[in-house]
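Okay, structure first, notes after.
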Amino acid sequence: MTDLLHTYQKLLNHYGPRNWWPAETPFEVVIGAILTQNTNWNNVEKAIANLRKGEALTLGAILNLPLETLEQLIRPSGFFRQKAERLQLFCRYLQEHHQGSLEHLFDRELNLVREELLQLKGIGPETADSILLYAGQRLSFVVDAYTYRLFGRLGILSGKEKYSAVRELFMSNLRQDVQLYNEYHALIVIHCKNFCRKKPLCDSCFFTEMCLYRQQNC
DNA sequence: TTCCGGGAGG
DNA sequence: CCTCCCGGAA
């Protein structure tokens, strides 16, 4: 499946390296990964700005803040009640099982860490992989709705594959390189925001002959 | 004013 | 399957 590499090259040529994820620290990556579930990043930015202004961007602050206060700070990110609970659950877990240290959490065999993350309420596969890759620099490819959409339209996915199958497809066909995984997912995100939207802007998209969708609909 | 977009759990 | 929610675009 050299298509995956070819697609990566085209994206990288067009956008250049993204150096994701937009956060100051690994802990902020985790917070952002939870807040951005089913949510635009613009809304997450407002929530993070509120947390920062409220000096609430630390594990201790999130644990000690009254739930209602935390809810109001992250309100712009949507689903604020469940997300506030999930932030506190994650922080409490990190506190009690890893001395509050993400490094301690990450410093074991990949699948052990991943399974541990997946046990936590509010951390599904995409959030777990985002945390592993972008907060932990661990080799775990992130699959999201954009991945299904872009590669579905390119004719590489049918859309019916399970999350794990898509992740394994990428992981078994790409170099085992954290920076490559980081860039690839970031490039998929920006391309789907710019062009490969639900209502795609095919006219200005640089995937031409290799896009099945474009061949059939444009 | 309605509509759109975006993960996880139940 | 459904629910949880917002901000910005239409």
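The values are calculated or read from the model by the stated rules, or taken from the named source; none is laboratory data. Given the structure is predicted, the values throughout are model-derived calculations rather than measurements. No Cβ is skipped: glycine too gets one built from the backbone with ideal geometry, and neighbour counts run over all protein chains shown. Accessible surface areas use protein heavy atoms only, side chains included; no ligands, DNA or RNA. Shrake-Rupley method; radii C 1.70, N 1.55, O 1.52, S 1.80 Å.
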Problem - Residue tally, condition within 16 Å of DNA strand C (Cβ to nearest atom) and either open to solvent by 20 Å² or more (accessible area, probe 1.4 Å) or in a helix (DSSP H, G or I) (or both), over the stretch A:123-145 - result: 5
Practice task
Would you check if A:Glu45 is within 11 Å of DNA strand C (Cβ to nearest atom) and of a type outside the set (A, V, I, L, M, F, W, C)?
Solution key: yes
Completion exercise
Here the qualifying pairs (Cβ atoms under 7 Å; residues six or more apart or on different chains; first in the stretch A:164-182 and more than 18 Å from A:Gly152 (Cα to Cα); second of a type in the set (A, V, I, L, M) and not in a helix (DSSP H, G or I)) come out as A:Gln176/A:Leu139; A:Val178/A:Leu139; A:Leu180/A:Leu174; A:Tyr181/A:Leu139
Handout entry: Selection within the stretch A:156-187 - within 15 Å of the chain's Cα centre (by Cα), over 16 Å from A:Pro125 (Cβ atoms) and open to solvent by less than 50 Å² (accessible area, probe 1.4 Å)
Key = A:Val178, A:Leu180, A:Asn182, A:Glu183, A:Tyr184, A:Ala186, A:Leu187
Handout entry: Hey, A:Ser77 within 16 Å of DNA strand C (Cβ to nearest atom) and hydroxyl-bearing (Ser, Thr, Tyr) or not
Key = yes
Handout entry: Residues of the stretch A:23-44 classified as free of Cβ contacts under 8 Å to residues at least 12 places away in the same chain and more than 9 Å from DNA strand B (Cβ to nearest atom), total
Key = 2
Handout entry: Count of residues meeting criterion [farther than 23 Å from A:Val30 by Cα and assigned to a helix (DSSP H, G or I)] in the stretch A:171-190
Key = 2
Exercise for the section: Please work out if A:Ile62 is within 15 Å of DNA strand B (Cβ to nearest atom) and of a type outside the set (Gly, Ala, Ser). Expected result: no
Exercise for the section: Name the residue, out of A:Gly78, A:Gly54, that is on the phi > 0 side of the Ramachandran plot, touching a helix residue (DSSP H, G or I) at 6+ places or on another chain (Cβ under 8 Å) and not acidic (Asp, Glu). Expected result: A:Gly78
Problem - One residue from A:Leu73, A:Leu87, A:Leu67, A:Leu63 being among the hydrophobic types (A, V, I, L, M, F, W, C) and closer than 20 Å to A:Tyr134 by Cα - result: A:Leu87
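Return the total of residues in the stretch A:32-41 being at pLDDT below 95 and either of a type in the set (Val, Ile, Thr) or assigned to a helix (DSSP H, G or I) (or both).
We begin by selecting, within the stretch A:32-41, every residue at pLDDT below 95; these are A:40-41.
Subsequent filtering for residues that are either of a type in the set (Val, Ile, Thr) or assigned to a helix (DSSP H, G or I) (or both) retains A:41.
The qualifying residues number 1.
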Exercise for the section: Determine whether the stretch A:7-24 contains at least one residue that is closer than 18 Å to A:Thr127 by Cα and part of a helix (DSSP H, G or I). Expected result: no
Fill in the blank from the handout: Among (1) out of contact with any Ser or Thr (no Cβ under 8 Å at 6 or more places or on another chain); (2) surrounded by 17 or more Cβ atoms within 10 Å (Cβ to Cβ), A:Phe27 falls short only on (1)
